[in-house]
Amino acid sequence: QVQLVESGGGLVQPGGSLRLSCVGSGFIFSIADMGWYRHAPGKQRELVERIRRGGQTMYDDSVKGRFTISRDNGKNTVYLQMNSLEPEDTAVYYCNAGLTNTYWGQGTQVTVSS
């Protein structure tokens, strides 16, 4: 079955960096559109950044210039490099795979605090 396993979350100070990873299995990774979403307390889940199977990316304006999504099809992995983190980036970050159906990982907590 389809599995998405995120890692790389944690506690970081404002201005710091983290890199999230998501390893997919149970599907042909290279043909999936992959994305990162986040869910902060009291807010709806929102798109952070997506990368299509052809490499095209789209992102929320709140992360422009700070976050970068990338994928390594040979490793079945999608990454989210997060720089210049702000307290407002605190959330649970979820990996998403768009196939015929949509699949989600279990999430990884990112906390930005001094």
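Count charges around residue 44 for me, please; just the other residues with Cβ under 13 Å from its Cβ, Lys/Arg as +1, Asp/Glu as -1. Provide the component values of the computation, followed by the final result.
On the way: positive: 38, 43, 45; negative: 46, 60.
With Lys, Arg at +1 and Asp, Glu at -1, the net is +1.
Per residue, how much accessible area does the chain show when a 1.4 Å probe rolls over the protein heavy atoms, in square angstrom? Mind showing how you got there, number by number?
Numbers: 6120 Å² over 114 residues.
Computed with neighbouring chains in place, this is 54 Å² per residue.
In debye to the nearest 20, how big a dipole does the chain give about its Cα centre with +1 on each Lys and Arg Cβ and -1 on each Asp and Glu Cβ?
Working: 11 positive and 10 negative charges, 51 e Å.
Dipole magnitude for the chain comes out near 240 debye.
Just flag the trypsin sites (Lys or Arg not before Pro) in segment 24-114 sitting in loop per DSSP whose Cβ has no more than 11 other Cβ atoms within 10 Å.
Answer in residue order: 43, 64.
On a full-extension model of 0.36 nm per residue, what is the gain between residue 60 and residue 111, subtracting their alpha-carbon distance, rounded to one decimal in nm? All intermediate terms of the calculation are to be shown ahead of the outcome.
Values: separation 51, 0.36 × 51 = 18.36 nm, distance 1.89 nm.
Taking residue 60 through residue 111 to full extension adds about 16.5 nm, to one decimal.
Expressed as a whole percentage, what fraction of the accessible surface of the chain belongs to carbon and sulfur atoms when a 1.4 Å probe is rolled over the protein heavy atoms? The partial results should precede the final answer.
Numbers: 2800 of 6120 Å².
So the carbon and sulfur contribution to the accessible surface is 46 percent.
Relative to the Cα centre, what is the charge dipole magnitude of segment 11-53, using +1 at the beta carbon of each Lys and Arg, -1 at the beta carbon of each Asp and Glu, and rounding to the nearest 20 debye? Write down the numbers at each step before the final one.
On the way: 7 positive and 3 negative charges, 9 e Å.
Computed charge dipole of segment 11-53: roughly 40 debye.
Consider just the alpha-carbon atoms of the chain and return their Rg together with their Dmax, both in angstrom.
Values for the chain (Cα only, Rg and Dmax): 13.3, 42 Å.
The values are calculated or read from the model by the stated rules, or taken from the named source; none is laboratory data. Because the structure is a prediction, the values reported are computed rather than measured. Positions of Cβ are backbone-derived with ideal geometry, glycine not excepted, and every protein chain shown enters the neighbour counts. Surface areas here come from the heavy atoms of the whole protein model, side chains and all, with no ligands, DNA or RNA. Shrake-Rupley method; radii C 1.70, N 1.55, O 1.52, S 1.80 Å.
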